[in-house]
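As structure tokens, the structure follows; a few thoughts come after it.
The values are calculated or read from the model by the stated rules, or taken from the named source; none is laboratory data. None of the values given here were measured: they were computed from a predicted structure. Every residue, glycine among them, receives a Cβ derived from its backbone with ideal geometry; neighbour counts consider all protein chains shown. Just the protein is used for accessible areas: all its heavy atoms, side chains included, with ligands, DNA and RNA removed. Shrake-Rupley method; radii C 1.70, N 1.55, O 1.52, S 1.80 Å.
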Amino acid sequence: MDTTSPHGASPGAARAALLVLADGRFPAGGHAHSGGAEAAVKAGRIRDATDLATFCRGRLHTTGLTSAALAAAAAVGADPLVLDEAADARTPSPALRTTARKLGRQLMRAARAAWPCDALDALAAARPRGAHQPVVLGVTAHAAGLGPEDAAHCVAYESVGGPATAVVRLLGLDPFEATAVLARLAPELDQVARRAAEAGRRAPAEGPGALPAASAPLLDITAQAHAAWPVRLFAS
Amino acid sequence: MHLDHSHDTTTVVSADAARSDGTRRALRIGLGGPVGSGKTATVAALCRALRDTYSIAVVTNDIYTREDAEFLLRNAVLPPERIQAVETGACPHTAIRDDISANLEAVEDLEDAVGPLDLILVESGGDNLTATFSKGLVDAQVFVIDVAGGDDIPRKGGPGVTTADLLVVNKTDLAPYVGSDLGRMAHDARTQRGELPVAFTSLTSGEGVKPVADWVRGQLAAWSA
Ligand SMILES: Nc1nc2c(ncn2[C@@H]2O[C@H](COP(=O)(O)OP(=O)(O)OP(=O)(O)O)[C@@H](O)[C@H]2O)c(=O)[nH]1
Ligand SMILES: [Mg+2]
């Protein structure tokens, strides 16, 4: 794969594109998902900002890390179809696989409008029902002139930003407190993104075995249950 | 490579009037308006009135249930494979205006499963007076209010009342019971909307949904012309 990206100056040097991609208003369907927070709220595991911080920390170091590394690998040019399989292998819950592909398909639409390129077209053609969202995000990041750390940051941030926004809606939690939770997590987020990027850089040569496979069994279990709720505010 | 480079457009362009094979895609009409004004009842009545002439599908945007989709299924206004429910994360106005990706996916899936379609009706979950549809999602939009929500709503205006391609004032049968002045509503609507059309309906009596169905037929004729 070539290292020059179609819309950026030199790979990894773009910064404003990262803001566009990481913006919660980027129209890629994320607003309808709580990242497992709705199930945790219902079960009484998230009742306040302290609980939210604990939940987010757990998610960041498990699915957050795993997803961020997949995105980083895609951003450095590892084969997205191989990564898509690796993502399946790291996602035991069928409900979460469905969600990841749905969000991947939705991100693909926005990405092709924002940074049209052959790599996105090829992935869309190979996975018309959607590839895993972090994989699409990594390919998008590359198209936008961003590097593996940027892609990893985006995904790691999303892994905690989604639940925080959802909990504001679900509990009426003070939005300043929720934002403070995210700010306190920022140093850990940077660490996770760095680890993810390191692993991602090794993937093209070493294969997907170089990528972390941290998981959160409780998130998998509650996601399965949540998908069957007849009444819910969030899709996942 | 440039941003205007043309790429394979099977999924990329939301508002394109043509399908990837070049034929004209289905006309998409959005129905929005406050909670309980009669959006689902209007969709159901439109399906009954138009389904023998046109190939129709419906996308619902529910707030926290599948209530709207289930009502349509229960009443068998269309076969189940023609009805898709989109989940909105508690924010229908986001799903129909700011981030339309899940709705566009539903539209695409319906075209794939039961297409080619002539008409797709997209119902928004009941929301506030400022909720309107993105032009990337629908080609025309209907704003449904009712007489029982207060006869001052047309006067208050807001994007739905002022800019919708058709304003429907529903439940006129209830006007005498809630003290709503239909003449005043018509006058205020004209002031807010100028030449844009207004339909007064009662789905439980008289000619029912006919004024709206006639308007939709007109839109369909213009779309396929
Ligand atoms: N009397 C009378 N009742 C009506 C009329 N149209 C709808 N209704 C009733 O109003 C209630 C709400 O109608 P819906 O069609 O569910 O309203 P909606 O706008 O879809 O509601 P949400 O999706 O919850 O926002 C139902 O009980 C309908 O039977 C009408 O013209 N006259
Ligand atoms: Mg309804």
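For this structure, a couple of remarks:
- Structural descriptor for chain B: relative contact order 24 percent, calculated from alpha carbon pairs under 8 angstrom and at least 6 residues apart.
- 5 angstrom amide H check on B:ASP146, placed H, neighbours 5+ away: B:ASN170
- Length-normalised contact order of the stretch A:30-227 in % [C-alpha pairs under 8 Å, at least 6 apart]: 39
- Descending by average beta-carbon neighbour count within 10 Å, the peptides B:99-109, A:111-121, A:176-186, A:141-151 line up as A:141-151, B:99-109, A:111-121, A:176-186, the highest first.
- Gaussian network model of chain A, springs between alpha carbon atoms under 10 Å - residue of A:ALA196, A:ALA152, A:ALA210 with greatest fluctuation: A:ALA210
- Rounded accessible area per residue of the stretch B:103-213, 1.4 Å, Å²: 40
- Karplus (6.51, -1.76, 1.60) ³J(HN,Hα), θ = phi - 60°, over the stretch A:158-174, in Hz, Gly and Pro reported as x: 4, 5, 10, x, x, x, 4, 5, 5, 5, 4, 6, 6, 10, x, 4, 3
- Binning the alpha carbon pair distances of chain B at 10 angstrom intervals from zero yields the distribution 8, 34, 36, 17, 4, 1, 0, expressed in whole percent.
- Size descriptor for the stretch A:98-139, Kirkwood hydrodynamic radius: 9.6 Å (Cα pairs only, one decimal).
- Distant-in-sequence amide H partners of B:GLY30 (H built 1.01 Å from N, under 5 Å): B:VAL122, B:ASP139, B:ALA140, B:GLN141, B:VAL142
- Gyration tensor (Cα) of the stretch A:30-227, equivalent ellipsoid semi-axes in angstrom: 27, 17, 16
- Using θ = phi - 60° in the Karplus curve 6.51 cos²θ - 1.76 cosθ + 1.60, the 3J(HN,Hα) couplings for the stretch B:184-192 round to 5, 4, 5, 5, 5, 5, 5, 4, 6 Hz; x is entered for Gly and Pro.
- Each principal axis of the protein assembly as shown carries a Cα extent, and these read 73, 51, 38 Å when sorted largest first.
- Under 5 Å, built H, 5+ apart or other chain: amide partners of B:ARG24: B:ARG19
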